[in-house]
Amino acid sequence: MNPEQRFDDPQMTDRRMVRRFLADVWTAMPGYIVDFDPATCTATVQLGVQAIVSIPDGSSQNVPITVLPDVPVMFPRGGGCALTFPVRAGDECLVVFGARSCGGWKQSGGSQVQSAPGRMHSLSDGFALLGTSSQPHVIGSLSTTTTQLRSDDGATFVELDPAGQMVHVKAPGGMTIDANVQVNGTVTASQDITSTGGDVKAGSISLKTHVHSGVQSGSSNSGQPV
């Protein structure tokens, strides 16, 4: 016989009541992206921990929780700037659930009335934070001394080294800059420098149109570029 059926234990009864109440309170859960809509920046998310449900014969079984639709995906953002990255099916995330119903805020922003008064810590009010990883998907070769914006495989990155006061860029496929660039320092290249359309100047001397002083026929060298 279950000891709880033999002894009147108010504390045990209270603990069971609180535990049953907390079973319906959702705070945060790991999950993964099922699909992502970049136009609305929302995703369908499958939670990564299954629910335990009772079945008619008195036993219990584990079942997947219904997928969560239209979950806002959070990117680092502020001050008119954002750091975004592609979101793919299977990407892991942490889903944080609002303490109150957030439907009105999701739709219009600002300060809104509760879309469903009385709804608290519900599966309907989740926000997906990307970057959480289970052990099979942890970032490999993680740098412990530098800050990196990198690909998962580490082959491509922008690296900030605070100790050496340096920035290192590695891009095997190349880098394109659509901007006028000013360099306040020495530029050293280990390979060719090519200008496909514009000119190269040293001071006022053009590499494309300069002429030489002291020019004469024969095998003598000309003077410096003018």
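Looking at Ser60, Ser134, which is the one that is of a type in the set (Gly, Ala, Ser) and either open to solvent by 70 Å² or more (accessible area, probe 1.4 Å) or touching a Ser or Thr at 6+ places or on another chain (Cβ under 6 Å) (or both)? Before the answer, list the steps.
Numbers: Ser134 fails: either open to solvent by 70 Å² or more (accessible area, probe 1.4 Å) or touching a Ser or Thr at 6+ places or on another chain (Cβ under 6 Å) (or both).
Among Ser60, Ser134, only Ser60 is of a type in the set (Gly, Ala, Ser) and either open to solvent by 70 Å² or more (accessible area, probe 1.4 Å) or touching a Ser or Thr at 6+ places or on another chain (Cβ under 6 Å) (or both).
I'd like the full set of residues that are hydrophobic (A, V, I, L, M, F, W, C) and exposed (fewer than 14 other Cβ atoms within 10 Å of the Cβ), limited to region 140-159. Scanning region 140-159 gives Leu142, Leu149, Ala155. Quick check: anything in region 105-121 in contact with a Cys (Cβ under 8 Å, 6 or more places away or on another chain) and modelled with pLDDT of 90 or more? The answer is no; no qualifying residue exists.
For region 61-113, the set of residues classified as part of a strand (DSSP E or B), over 18 Å from Phe36 (Cβ atoms) and aliphatic (A, V, I, L, M) consists of Val63 only. Taking the numbered list (1) open to solvent by less than 70 Å² (accessible area, probe 1.4 Å); (2) without any contact (Cβ under 8 Å) to a residue 24 or more places away in the chain; (3) farther than 30 Å from Phe157 by Cα in turn, Leu68 passes all entries but (2).
For region 73-81, the condition holds for no residue, the condition being that it is of a type outside the set (S, T, N, Q) and more than 24 Å from the chain's Cα centre (by Cα).
The values are calculated or read from the model by the stated rules, or taken from the named source; none is laboratory data. All values reported here derive from a predicted model rather than from experimental measurement. No Cβ is skipped: glycine too gets one built from the backbone with ideal geometry, and neighbour counts run over all protein chains shown. Just the protein is used for accessible areas: all its heavy atoms, side chains included, with ligands, DNA and RNA removed. Shrake-Rupley method; radii C 1.70, N 1.55, O 1.52, S 1.80 Å.
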